[in-house]
Amino acid sequence: MPLQFDIRAILRSKAPKAHVPDFLVRYLERIAHVKQMNAFLRKHQTERNYDFIRLVLDEELCCSASIDGTENIPSDGKPVIFVSNHPLGGLDGMIIAQMIHESRSEKRELKVIVNELLMYMEPLAGLWAPVSKTGMLSKEQAMEQQRMWESETDVLTFPAGACSRLQRIDGKWQIRDLEWQKNFVQRAREYKRNIVPIYFEGQNSRFFYVLALLRKILHIKLNIEMLYLVDEMYGAHGKHFKVHVLPPIPYSTFDSSKTPKQWAQYVKSIVYATNNPTR
């Protein structure tokens, strides 16, 4: 059976008892570019992982990226945790994973911690390590993550857990990650993995940020703007992105002088201190 992205099947699996009107399904299919995505999947149904990402970037989106600081990507064979800001909500993860892979002469396994919904993108399932917003993973998924941390596999994670939002900081409106979660600090301590911070230059459309801000003002809990992330990805057509890899932070840095939560914000501050014009 050919690969395809099926909005109805996803809705049934996530909310089997909910009735979603046909007009809403059609609208979701339109903003998720389902026809366009499925045409691409049919054309490249045998491609997987990095080969698939390269085709997405070069053929489907015609976007490019350059990386600064490749010398900061460790080559000593010891597994690390790459942590990055999350401005785009999906495309940035693909670009960073691809650039890490291509920058190394000795190929190493890399897993990207992503929202479990991205597991529906089957050609990339081999790169993903799912995390649930509810904190509930299947027994098999939990065991797989445990094996990942205990292995020699490098891990890329986005500690904000969601893409950047428009926020008022020091009296100015800025596009910036929400608070970074502490999990990566705890994992670094437990598994003695150094942290490699990454700053990704990029942003979504003004519509996306205004919608997210209005949702917050109106106290709407449903993450409406997330529904538009595929549309935002296609909106990146033809763009060029810059990725900055910063010097590794030894796991021994994260001592008891700060809590894990405070250390997480410390690493975030290092990432955002990078001199970038789009920050």
Whether any residue in the range 249-266 is at pLDDT 95 or above and farther than 29 Å from Asp154 by Cα is what I want to check. no
Among residues of the range 147-175, those that are farther than 19 Å from Gln186 by Cβ and hydrophobic (A, V, I, L, M, F, W, C), counted: 6
From the set of residues in the range 222-237 that are free of Cβ contacts under 8 Å to residues at least 40 places away in the same chain and not hydrophobic (A, V, I, L, M, F, W, C), which is surrounded by the most Cβ atoms within 10 Å (Cβ to Cβ)? Glu225
Scanning the range 89-122 for residues that are of a type in the set (Gly, Ala, Ser), under 22 Å from Ala212 (Cβ atoms) and in contact with a helix residue (DSSP H, G or I) (Cβ under 7 Å, 6 or more places away or on another chain) gives Gly89, Gly90
For Asp76: the one exception among (1) modelled with pLDDT of 90 or more; (2) closer than 30 Å to Ser269 by Cβ; (3) acidic (Asp, Glu): (1)
Hey, can you tell me all the residues within the range 241-260 that are surrounded by 14 or more Cβ atoms within 10 Å (Cβ to Cβ) and within 13 Å of Lys182 (Cα to Cα)? Phe254, Lys258, Pro260
Taking the range 149-165 and keeping only residues that are aliphatic (A, V, I, L, M) and at pLDDT 95 or above, one is left with Val155, Leu156, Ala160
Qualifying position, being within 16 Å of the chain's Cα centre (by Cα) and at positive phi, among Gly126, Gly93, Gly161: Gly161
Which condition number does Ala264 fail, the rest of (1) buried (at least 17 other Cβ atoms within 10 Å of the Cβ); (2) in a loop (DSSP other than H, G, I, E, B) being met? (2)
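The values are calculated or read from the model by the stated rules, or taken from the named source; none is laboratory data. Quick caveat: nothing in here was measured; it's all calculated off a predicted structure. With ideal geometry, Cβ positions are generated from the backbone for all residues, glycine too; neighbour counts draw on all protein chains shown.
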